[in-house]
Amino acid sequence: MLAMRGIILDSCCPLCNNFLETISHLLRDCMVAKDFWYNLKVPPEMVSSFVDMDLFYWLRVNYQSKVSHSSLVPWSYVFTFAIWNLWKHRNGMVFNNTVLNVNLHIVSKYQALEFYYCVGKLKSQRSKVVCNVSWKKPPSDQIGVQNLKIELDAKVVVELVQSKTPSNAFYSSLLVDCKSLMGKFRIAKCNTHSVK
Ligand SMILES: [Zn+2]
């Protein structure tokens, strides 16, 4: 993209130093990438996608694949970690002068395993369980509270609760409920909270 905009860059593949670096070359067609995929053991069902397939189609058929890898983890997980690692590895070599990691396929496989058994497997096994829940009003004589003192820092609310005839039509039904509830206690007070 930068080269297309006239910015002169070294466009040679940093993995093999032999071909123009394109996404499909870097992730799939480069000899280093080919070794990486070979060592990672691409499932036989997916091998044909690694030959001259359109880049986006190749990515899609692999990350949507339903086949399993030899490690028994879905290939889609292994593939996703693999291309992520290839890209990170390329950036490390270009920007941090790291050296080629010939064990990158092992790293990718174990990351996919860890992710699958910690997150992915649980997600696929999660089943919906319907639990009916309800609330039953306890008998008023079993609440165990006789005295109630409520402190608020909202003077307006306290005045509304204490008023004999609530003037606020919007809250009046709520206030009636609150007063009715307070009437269940032997002593019920509602004060403004005193800030010390
Ligand atoms: Zn290359």
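The values are calculated or read from the model by the stated rules, or taken from the named source; none is laboratory data. All figures in this text were calculated on a predicted structure; none of them were measured in a lab. When we count neighbours, we look across all protein chains shown, and the Cβ atoms used for this are built from the backbone with ideal geometry, even at glycine.
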(message) Against the condition surrounded by fewer than 17 Cβ atoms within 10 Å (Cβ to Cβ), over 25 Å from the mean Cα position of the chain (by Cα) and of a type in the set (Phe, Trp, Tyr), how does Trp37 come out, does it pass?
(response) no
(request) Output the residue which, of all residues in segment 144-175 that are part of a helix (DSSP H, G or I), of a type in the set (A, V, I, L, M) and out of contact with any Cys (no Cβ under 8 Å at 6 or more places or on another chain), is surrounded by the most Cβ atoms within 10 Å (Cβ to Cβ). (result) Leu160
(message) Quick check on Trp37: is it of a type in the set (Phe, Trp, Tyr), more than 16 Å from the ligand (Cβ to nearest atom), outside any loop (DSSP other than H, G, I, E, B) and closer than 22 Å to Tyr110 by Cβ?
(response) no
(message) The conditions are (1) modelled with pLDDT under 95; (2) away from the ligand (no atom under 16 Å from the Cβ); (3) within 25 Å of Tyr116 (Cβ to Cβ), and Leu2 fails exactly one of them. Which is it?
(response) (3)
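In the set Lys121, Lys88, Lys109, which member is among the charged types (D, E, K, R), in contact (Cβ under 8 Å) with a residue 12 or more places away in the chain and assigned to a helix (DSSP H, G or I)?
Lys109
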(message) Take the residues in segment 14-30 that are within 8 Å of the ligand (Cβ to nearest atom) and in a helix (DSSP H, G or I); name whichever of them is nearest to Asn85 (Cα to Cα).
(response) Leu26
